[in-house]
Amino acid sequence: MSARAARPNVYISVDIEADGPIPGPYSMISFGAAVAGRQSGHSYTAADPEQDTFYRELRPISEAFVPEALAVSGLDRDRLLSEGAEPAAAMAEFRAWVREVSAGAQPVMCGYPASFDWTFLYWYLMSFGGESPFGHSGCLDMKTLYATKAQVPLRSAVKRHMPPHLLSRRPHTHHALDDAIEQAELMSSLMLWEPPARSPLVTHVSWGRMEVEGLPPGKDFVLYPGGGRAWDWSRHGTRHEPGIQPADVRELLDRGCAEVVLSRGMELRLHTMPETLSLLQDAGVGVHVEETTAAVALYNRLAATERVGGLFHSTC
C-alpha cells in the first residue's frame, strides 16, 4: 500500500484582544484572522493577507476585567456588552470561514506569540460549540519558527532582533484584524526566509593580524551572521577618537545581529561614541565593549548560540 500524501497546510494568522490574562475568568473581546499562505510539501505560497479575513467583536462573558488589559485594545466594554456578538454565534461563523478558506487543506493557526492567542481562541472554540477546526494542536508560534531558523534562543526571537526585511511595514495598532494582517506578512516572510549561516569564528588574533573562517587574513574586521569583510576605517572617517561611529554598526543591525561585540584595540586606544552605544541599545541589541583579545573570545563564545556581529581592531 502506498503512503498517503500529506494534506497541504493553510496558515491562518490570528490575533486576539482580551480584557485579562486567561480565558474563563476574563473575556476575549475581539479577534481577527487573515490567511497568510499555503504550504504543500516543501513549497510555500504567500497569500494577499487582505484578501481572506475575518473579524468579530464579542460580548464579554464575565464581569471581571483588568483595566490595563482592556486599555490596550481601546474597545469600549460597555458598548461590547450591548452590541458585541454572542460568542457561540461568532465561533460558529469562524469555524465556517476557516473551513471555507482552507478547503482541501489542513488549517493551521499561527500567531506572534501563539501561546496567548491560541489559549483564548481554543478555549472559546471548545467552550462555545465544542469543536476546533484546527484540532487540539494545530497552531504554530512565529517566535519559535524564527528561533529555530535563526538558531537563537527563544528569548532572542523578538521583532527588534529580526532582520528588518522580515518585518511587515504595517503598524501594530492593537486592532485585532490589523495585527492579524501584519503578522500574516511576517509569517510568510519567515516561511520563505533562508537564514545565513552562523557568524564565522575568529581562529587567530595577534598584533596586526586576524584570521577568520572563510575570509582572507587581515588587520581589522566587520563580522556578522553568514560572513564578514575587512573593516575599512576610511569608509566613514573612523578614528581612534571619538571612535566607532553609528555608521560603523548600522550594517550589523541590518543583518539582524542580536548581540554586538566592539573591540577597543590591543592597547585600549579605540573608543566608541556614545551615540553608537545608544543606537545599539535602542534597537534592543546586547552590546559588549572589550579589549580586542577578550572581545574575540567573547564573540566566539556567542557565535555558538546567538546572531552575533562585531567590529575588531587588532593593533593599538
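The values are calculated or read from the model by the stated rules, or taken from the named source; none is laboratory data. Just so it is clear, the structure is predicted and the values come from calculations on it, not from any experiment. Backbone-built Cβ (ideal geometry, glycine too); neighbour counts: all protein chains shown. Ligands, DNA and RNA are excluded from the accessible area calculation, which covers all protein heavy atoms including side chains. Shrake-Rupley method; radii C 1.70, N 1.55, O 1.52, S 1.80 Å.
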### Summary
GNM on the chain, Cα springs under 10 Å; top mean-square fluctuation among 61, 12, 181 goes to 61
### Local electrostatic count, residue 236, Cβ distance below 15 Å [Lys/Arg +1, Asp/Glu -1]
-3
### Summary
Between the modelled labels at residue 88 and residue 293 (7 Å from Cα along Cα→Cβ) the distance in nm is 7.5 nm
### Query
Net charge near residue 258, counting Lys/Arg +1 and Asp/Glu -1 over other residues with Cβ under 12 Å of its Cβ?
+3
### Message
Given all pairs of different Cα atoms, what value in angstroms does the Kirkwood hydrodynamic radius of the range 128-169 take?
### Response
12.3 Å
### Query
Using Cα atoms only, what is the angle between the long axis of helix 176-192 and the major principal axis of the chain, expressed in degrees (0 to 90) to the nearest 10?
50 degrees
### Query
Given H placed on each backbone N at 1.01 Å, which residues far from residue 106 in sequence or on other chains put an amide H within less than 5 Å of it?
9, 10
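Please work out the average accessible area per residue across the range 1-98, using the 1.4 Å probe convention, and give it in Å².
It amounts to 50 Å² per residue over the range 1-98.
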### Message
Using the crude model of +1 on Lys and Arg Cβ and -1 on Asp and Glu Cβ, and no other charge, please compute the dipole size for the chain relative to its Cα centre, in debye to 20.
### Response
1100 debye
### Query
For Cα extents along the principal axes in Å, the listed values are [x] 72, 59, 28; [y] 83, 45, 39; [z] 64, 44, 37; which was obtained by calculation from the structure presented?
[x]
## Note on the structure
Probe 1.4 Å, all chains present, heavy atoms only: residue 204 accessible area in Å², nearest 10, is 70 Å²
### Query
Using the Cα gyration tensor of the range 1-122, with a ≥ b ≥ c the square roots of its eigenvalues, what is the shape: rounded (a/c below 1.5), prolate (a/b larger than b/c) or oblate (neither)?
prolate
### Task
Could you tell me how many degrees, from 0 to 90 and to the nearest 10, lie between the Cα long axis of helix 87-101 and the main elongation axis, the longest principal axis, of the Cα atoms of the chain?
70 degrees
### DSSP-defined beta bridges in the chain - what % are antiparallel, rounded to 5
60 percent
### Query
At a 1.4 Å probe radius, carbon and sulfur cover how many percent of the accessible area of the chain?
53 percent
### Task
Using a Gaussian network model of the chain whose springs link C-alpha atoms within less than 10 Å, name the residue from 56, 255, 269 with the highest mean-square fluctuation.
269
### Query
Given R₀ = 30 Å, FRET efficiency for residue 240-residue 169 by Cβ-Cβ distance, to 0.05?
0.20
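If we count every other residue with Cβ under 11 angstrom of residue 198's Cβ, Lys/Arg +1 and Asp/Glu -1, where does the sum land?
Its environment carries a net charge of -1.
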#### Entry: Per residue accessible area of the range 166-311, 1.4 Å probe, in Å²
45 Å²
### Message
Among 120, 166, 309, which residue has its Cα furthest toward the positive end of the charge dipole of the chain, with +1 on Lys/Arg Cβ and -1 on Asp/Glu Cβ?
### Response
309
### Euclidean distance of C-alpha centroids, the range 124-166 and the range 181-203, integer Å
15 Å
### Query
Using a ≥ b ≥ c from the Cα gyration tensor of the range 56-115 (square roots of the eigenvalues), is it rounded, prolate or oblate, where a/c under 1.5 gives rounded and otherwise the larger of a/b and b/c decides, a/b for prolate?
oblate
### Charge dipole magnitude, Cβ of K and R +1, D and E -1 - the range 16-173, Cα centre, debye nearest 20
780 debye
### Message
Can you pull out the trypsin sites (Lys or Arg not before Pro) in the range 141-209 whose DSSP state is coil and whose Cβ has at most 11 other Cβ atoms within 10 Å?
### Response
169
### Summary
In whole Hz, the Karplus estimates of ³J(HN,Hα) for the range 248-255 (6.51, -1.76, 1.60; θ = phi - 60°; x where Gly or Pro) are 5, 9, 4, 4, 5, 5, 4, 8
